[in-house]
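As structure tokens, the structure follows; a few thoughts come after it.
The values are calculated or read from the model by the stated rules, or taken from the named source; none is laboratory data. Please read all numbers here as calculations on a predicted model, not as lab measurements. Here the Cβ positions follow ideal geometry from the backbone for every residue, glycine too, while neighbour counts run over all protein chains shown. For accessibility, only protein heavy atoms count, side chains too; no ligands or nucleic acids. Shrake-Rupley method; radii C 1.70, N 1.55, O 1.52, S 1.80 Å.
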Amino acid sequence: MNISMLTDSHAHLDAIEFDGDREQLFLEMQQAGISGALIPGVSPADWAKQQQIAAAFQCPYALGIHPWYCPTDIPAAVALLDRQLQQHLADPLLVAVGECGLDKPRAKFAEDDVRRVAWEQQKVLLDAQLALAVKYQLPVVLHAVHCHAAMQALLQKYPSCHGVIHGFSGSYEVAMQYWQMGFRLGIGGLLLEASAKKLRSAVKRLPLPALLVETDAPAMAPAALRPARNTPLTILAVVAEIAILQGKTAVLVSEQLQNNFVQLFER
Ligand SMILES: [Zn+2]
């Protein structure tokens, strides 16, 4: 991993939104001092393309099943993930399990709504992926939306499990609980919104070693970019905002954030 440059700790660069100009985007990222991004896994159907793009652009990646894509046959999908992890464990670009997690609002849609994912199934799918992360001694990339009590209860089953709570938007207190459990907080474009008061006051007080920086591109575009897609280039504005909130220079913050990323994911 390139230490002198910054890495976006969470960007779906395998998404179709980037199929038209991926090479151009990587050139622009290089020129801006962004070496690449960790590409998180979403569902078994997307792993092959994701691995191909990670190899082509030498990006670290994670393999996992996102709660929105919870399969009907969970044991079969988990067995497939187990085989994929085993098969690619020697690949230095495979750095984590994920993204996996819990999303309470998705469990609250009506029974016949395609967006609905039953809460119990989400928990079973996450539990199995945490067990795989422990088995292969890999960190986890977690998606955690309105579920912190349930998430922390599940994480307590796996004390050696560590990783990142990606797209963190919670309070200082919740952030410190995760940090004490071995999890960093992935801070993205939401920090640029003046309305994100809880997150902004958390980032102001949190220890810098607890933070990672991310964009979740192409999703989560900050207001200034909308309706255009988000890209890893947004990371520079997020770093600058963390520096302002922490009262430190952007250079120091950028170096520390990259150190945090390397510490967590380097194999
Ligand atoms: Zn994501």
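Please work out which one of (1) outside any helix (DSSP H, G or I); (2) modelled with pLDDT of 95 or more; (3) within 22 Å of residue 12 (Cβ to Cβ) is the condition residue 161 fails and give its number.
The single condition residue 161 does not satisfy is (3).
Output the residues belonging to the stretch 226-258 that are among the hydrophobic types (A, V, I, L, M, F, W, C) and touching a residue at least 12 places away in the same chain (Cβ under 8 Å). First the steps, then the outcome.
Initially, the stretch 226-258 is screened for residues among the hydrophobic types (A, V, I, L, M, F, W, C), giving 228, 233, 235-240, 242-245, 250-253, 257.
Result: 233, 235, 236, 237, 238, 239, 242, 245, 253, 257.
For residue 233, state whether it is under 28 Å from residue 17 (Cα atoms) and not in a loop (DSSP other than H, G, I, E, B). Outline the logic, then answer.
On the way: under 28 Å from residue 17 (Cα atoms): yes; not in a loop (DSSP other than H, G, I, E, B): yes.
Judged against the criteria, residue 233 is a match.
Would you mind stating whether residue 173 is surrounded by fewer than 16 Cβ atoms within 10 Å (Cβ to Cβ) and within 25 Å of residue 12 (Cβ to Cβ)? Before you say what the answer is, go through the steps one by one.
On the way: surrounded by fewer than 16 Cβ atoms within 10 Å (Cβ to Cβ): yes; within 25 Å of residue 12 (Cβ to Cβ): no.
Taking the combined requirement at face value, the residue does not satisfy it.
Can you tell me which residue is most open to solvent (accessible area, probe 1.4 Å) among those in the stretch 143-154 that are in contact (Cβ under 8 Å) with a residue 12 or more places away in the chain and within 19 Å of residue 202 (Cα to Cα)?
Here is the first cut: in the stretch 143-154, the residues in contact (Cβ under 8 Å) with a residue 12 or more places away in the chain are 143-148, 150-152, 154.
Right, trim to within 19 Å of residue 202 (Cα to Cα) and you get 143-148, 152.
On the way: 143: 19, 144: 15, 145: 46, 146: 140, 147: 7, 148: 45, 152: 27 Å².
The extreme case among them is 146.
Filtering the stretch 106-133 down to residues that are open to solvent by 50 Å² or more (accessible area, probe 1.4 Å) and in contact (Cβ under 8 Å) with a residue 24 or more places away in the chain, which residue is nearest to residue 154 (Cα to Cα)?
Taking the candidates together, the pick is 123.
Tally the residues that are away from the ligand (no atom under 16 Å from the Cβ), open to solvent by 20 Å² or more (accessible area, probe 1.4 Å) and free of Cβ contacts under 8 Å to residues at least 40 places away in the same chain, restricting the search to the stretch 155-170. Walk me through it before giving the result.
Restricting attention to the stretch 155-170, the residues satisfying the condition of being away from the ligand (no atom under 16 Å from the Cβ) are 155-162, 170.
Then keep just the ones that are open to solvent by 20 Å² or more (accessible area, probe 1.4 Å); that gives 156-160, 162.
Subsequent filtering for residues that are free of Cβ contacts under 8 Å to residues at least 40 places away in the same chain retains 156-160.
Within the stretch 155-170, residues that are away from the ligand (no atom under 16 Å from the Cβ), open to solvent by 20 Å² or more (accessible area, probe 1.4 Å) and free of Cβ contacts under 8 Å to residues at least 40 places away in the same chain number 5.
Would you check which residues across the stretch 120-145 are within 16 Å of the ligand (Cβ to nearest atom) and not in a helix (DSSP H, G or I) and list them? Break it down stepwise before answering.
First, pick out the residues of the stretch 120-145 that are within 16 Å of the ligand (Cβ to nearest atom): 122, 125-126, 129, 139-145.
Across the stretch 120-145, the qualifying residues are 139, 140, 141, 142, 143, 144, 145.
Of all residues in the stretch 234-256, which are touching a Ser or Thr at 6+ places or on another chain (Cβ under 8 Å) and either surrounded by fewer than 18 Cβ atoms within 10 Å (Cβ to Cβ) or hydrophobic (A, V, I, L, M, F, W, C) (or both)?
Taking the stretch 234-256 and keeping what is touching a Ser or Thr at 6+ places or on another chain (Cβ under 8 Å), we get 234-235, 238-239, 243.
Hits for the stretch 234-256 are 235, 238, 239, 243.
May I ask you to list the residues in the stretch 26-52 that are surrounded by fewer than 20 Cβ atoms within 10 Å (Cβ to Cβ), on the phi < 0 side of the Ramachandran plot and away from the ligand (no atom under 15 Å from the Cβ)? First the steps, then the outcome.
Keep residues of the stretch 26-52 that are surrounded by fewer than 20 Cβ atoms within 10 Å (Cβ to Cβ), which gives 27-28, 30-33, 43-46, 48-49, 52.
Add one more test, that the residue is on the phi < 0 side of the Ramachandran plot, and what stays is 27-28, 30-32, 43-46, 48-49, 52.
Answer for the stretch 26-52, where residues must be surrounded by fewer than 20 Cβ atoms within 10 Å (Cβ to Cβ), on the phi < 0 side of the Ramachandran plot and away from the ligand (no atom under 15 Å from the Cβ): 27, 28, 30, 31, 32, 44, 45, 48, 49, 52.
Can we say residue 197 is open to solvent by 60 Å² or more (accessible area, probe 1.4 Å), basic (Lys, Arg) and in contact (Cβ under 8 Å) with a residue 12 or more places away in the chain? Outline the logic, then answer.
On the way: open to solvent by 60 Å² or more (accessible area, probe 1.4 Å): yes; basic (Lys, Arg): yes; in contact (Cβ under 8 Å) with a residue 12 or more places away in the chain: no.
So residue 197 fails the test.
Return the residue satisfying two criteria in turn: it lies in the stretch 214-245 and is within 16 Å of the ligand (Cβ to nearest atom) and out of contact with any helix residue (DSSP H, G or I) (no Cβ under 8 Å at 6 or more places or on another chain), and of such residues it is farthest from residue 5 (Cα to Cα).
First, pick out the residues of the stretch 214-245 that are within 16 Å of the ligand (Cβ to nearest atom): 214-222, 229-232, 234-235, 238.
Checking which are out of contact with any helix residue (DSSP H, G or I) (no Cβ under 8 Å at 6 or more places or on another chain) leaves us with 219, 235.
Values: 219: 23, 235: 12 Å.
Looking at residues that are within 16 Å of the ligand (Cβ to nearest atom) and out of contact with any helix residue (DSSP H, G or I) (no Cβ under 8 Å at 6 or more places or on another chain), I get 219.
Conditions: (1) under 19 Å from the mean Cα position of the chain (by Cα); (2) assigned to a loop (DSSP other than H, G, I, E, B); (3) within 16 Å of the ligand (Cβ to nearest atom). Residue 117 meets all but one. Number of the miss?
If we test residue 117 against (1) under 19 Å from the mean Cα position of the chain (by Cα); (2) assigned to a loop (DSSP other than H, G, I, E, B); (3) within 16 Å of the ligand (Cβ to nearest atom), just (1) comes out false.
Test each condition in (1) farther than 21 Å from residue 220 by Cβ; (2) among the acidic types (Asp, Glu); (3) in contact (Cβ under 8 Å) with a residue 60 or more places away in the chain for residue 23 and report the one that comes out false.
(3)
If you check residue 15 against the conditions, is it aliphatic (A, V, I, L, M), surrounded by 13 or more Cβ atoms within 10 Å (Cβ to Cβ) and closer than 27 Å to residue 211 by Cα? Give the steps one after another, and end with the answer.
Working: aliphatic (A, V, I, L, M): yes; surrounded by 13 or more Cβ atoms within 10 Å (Cβ to Cβ): yes; closer than 27 Å to residue 211 by Cα: yes.
Yes; evaluated as a whole, the condition is true for this residue.
Among the residues of the stretch 195-222, which ones are over 23 Å from residue 22 (Cα atoms) and assigned to a loop (DSSP other than H, G, I, E, B)?
First pass over the stretch 195-222, keeping only residues over 23 Å from residue 22 (Cα atoms): 195-212.
Selection gives 195, 196, 206, 207.
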